[in-house]
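Below is one structure, written out as structure tokens; the observations come after it.
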Amino acid sequence: MAGATVLVSLQQLKGFLGISHFTTKMEIIPVLSSVFSHKDEIGKLPMGVNPPSSNMLCFHGPYLAVAIKTGIVAGILSLTEGIAVGGTFAALENYQVDGNKELMAIGLMNIAGSCSSCYITTGSFSRSAVNRNAGAKTVVSNIIMAAAVLVTLLFLMPLFYYTPNVILAAIIIASVIELIDYQSAFLLWKVDKLDFLACLCSFLGVLFISAPWVSPLEPNTMALGNIPGTQIYHNLSRYKEALRVPSFFILAVESPVYFANSTYLQERILRWVCEEEERREVNNESQLKCTILDMTGRKILEKRSLQVFLLVLANPVGNVMRKLHQSSILKSFGPNGLHLSVGEAVADISSQWKAQP
């Protein structure tokens with residue numbers, strides 16, 4: 001994210017210097033070369049809204065196949081970028097992004113835009129940063145923004161004729177620069193040098209090579225149940241004799257947790273918890289009070305993923321414990337946040353509940 005922030009800031013140099021013919025590439029070297037090879041050029045701002053283009057829609061012609069292929073690729077890229085930008089701000093503001101809703105929103109937005117001469121649109125990194133910096137919390141901000149833009153396009157464009165581009169560029173740079181989380185980089189260096197090296201390589205790769213779209217390894221999770229008469233907990237979907245523990249939800253993480261998949265893991269855990277609460281409510285079962293993460297076999301735990309685990313951990317191995325001690329997250333667990341096994345966690349927390357008045 002820091003690399004993308006720097007690139008967005010560099011792209012605003014055209015606003016600072018009044019350059020109209022600017023490179024479309026995002027790497028740092030083409031951007032700086034474009035800055036030093038052009039002069040100040042400011043043109044007239046057009047007034048009014050785009051003309052309707054629904055009458056141009058046709059399903060025949062020699063370029064129909066090319067248009068369909070281009071539309072599919074553009075749609076996939078638009079959705080990917082929208083979810084990526086949404087996930088970035090969701091992690092900062094501690095909320096979840098629903099991929100299905102994003103797909104519907106971006107799809108309907110581009111269908112409507114195609115009928116009014118608009119180019120393909122998706123989640124804007126710079127505008128989202130400005131929105132967040134302004135304190136926007138709900139979709140009402142988008143409605144107000146759309147109304148303000150419409151009024152501006154229809155009536156106020158002549159007033160902006162002499163407005164320097166540097167002002168608009170400064171707003172974007174001041175907003176996105178706050179997204180560089182240098183404190184996390186310092187903490188990452190303290191917790192794990194190899195993870196810091198991976199983070200640094202990612203930053204430099206985005207800065208000098210551009211940002212390729214990659215799919216992080218999705219950590220596998222499964223709900224556990226107790227085998228009656230034992231302290232053994234197994235997958236509920238595989239072992240039919242396994243039973244759910246009243247008031248507890250036990251979740252096992254079967255894959256290493258890296259910075260690349262920690263956000264996905266957080267979303268998956270919260271989705272598990274929401275589904276479990278709905279299931280208990282439908283079946284009139286006891287209310288969910290505690291979620292236990294079984295960390296058996298997890299040998300890798302990266303710093304960013306530590307911020308996800310604000311629950312109860314069972315049987316974290318030595319390497320995980322070492323990183324927990326090196327970070328500040330361990331204090332949030334309290335004296336009863338870590339247990340040697342799932343059975344011990346269930347018994348200890350149950351006894352605490354019984355002791356409460």
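What follows is calculated from the coordinates using simple rules that are stated; it is not laboratory data. All values reported here derive from a predicted model rather than from experimental measurement. All Cβ positions, even for glycine, are placed from backbone atoms using ideal geometry, and neighbour counts span all protein chains on display.
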Rounded FRET efficiency, nearest 0.05, which uses the C-beta distance separating residue 147 from residue 66 and R0 of 30 Å = 0.20
query = How high is the FRET efficiency from residue 275 to residue 160, r the C-beta distance, R0 45 Å, rounded to 0.05?
reply = 0.35
key: Label-point separation in nm, residue 201 to residue 111, each point 7 Å along Cα→Cβ   = 4.3
request  = Using θ = phi - 60° and the Karplus relation 6.51 cos²θ - 1.76 cosθ + 1.60, list the HN-Hα couplings for the stretch 126-132 in order, rounded to whole Hz, with x at every Gly or Pro.
outcome  = 5, 5, 5, 5, 5, 4, 5
remark   = Residues 253, 140 in order from fewest to most other beta-carbon atoms within 10 Å are 140, 253
